[in-house]
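Just so you know, all these numbers are worked out from the coordinates, no wet-lab data involved. Nothing here was measured: the structure is a model prediction, and the numbers come from that model. Positions of Cβ are backbone-derived with ideal geometry, glycine not excepted, and every protein chain shown enters the neighbour counts.
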Amino acid sequence: MEQGKMVLPFEPLTITFQDLQYYVEPTLEMREHGFTGKRLQLLCDVTGSFRPGVLTALMGVSGAGKTTLLDVLAGRKTSGVVEGEIRIGGYPKVQDRFARISGYCEQTDVHSPQITVVF
């Protein structure tokens, strides 16, 4: 092994997503203010990828859908309808398998400075 190179105990995989749509039911308040649609679209035709070893910045103004996109990709959304294609290593994402091999820290997580990572 070359000096400075780390051997990973897993195979790095690419996450790709194409034409993602995410819909939710409108709230009562929205209906009271005149919203007449059956569902509200929060993500519209979102396509992209996350590749191993490549730092990816997900940028946008407040309310643009950055957290919603990550929640949809991670399978954290328990309501609403997701349409489109999500692939892991070229294969369709199977949520129960994905949950076992991945980790996701939400933006509201509290991280202890005493916790370390051991190799």
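The table below lists the values:
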| item | result |
| --- | --- |
| Kirkwood Rh in Å, taken over the range 1-50 so that all alpha-carbon pairs contribute | 14.9 |
| Neighbourhood charge, 15 Å Cβ-Cβ cut-off, centred on G89 and excluding it, Lys, Arg +1 and Asp, Glu -1 | +3 |
| Listed residues L55, S112, L13: farthest to the positive end of the dipole of the chain (Cβ charges) | L13 |
| Of the GluC sites (Glu not before Pro) in the range 12-119, those whose Cβ has at most 13 other Cβ within 10 Å and which sit in DSSP loop | E106 |
| Quarter of the Cα convex hull surface for the chain, i.e. its orientation-mean projected area (nm²) | 10.7 |
| Point-charge dipole on Cβ atoms (K/R +1, D/E -1) for the chain, about Cα centre, debye to 20 | 180 |
| Pairwise Lys count, the chain - Cα closer than 23 Å, eight or more residues apart or different chains | 4 |
| Stokes-Einstein translational diffusion, the range 37-86 - Kirkwood Rh over all Cα pairs, 1.567 mPa s, 4 °C, in µm²/s | 103 |
| The chain, helix-only ellipticity at 222 nm - DSSP H runs n ≥ 4, -39,500 (n - 2.57), divided by all residues, nearest 500 | -4500 deg cm²/dmol |
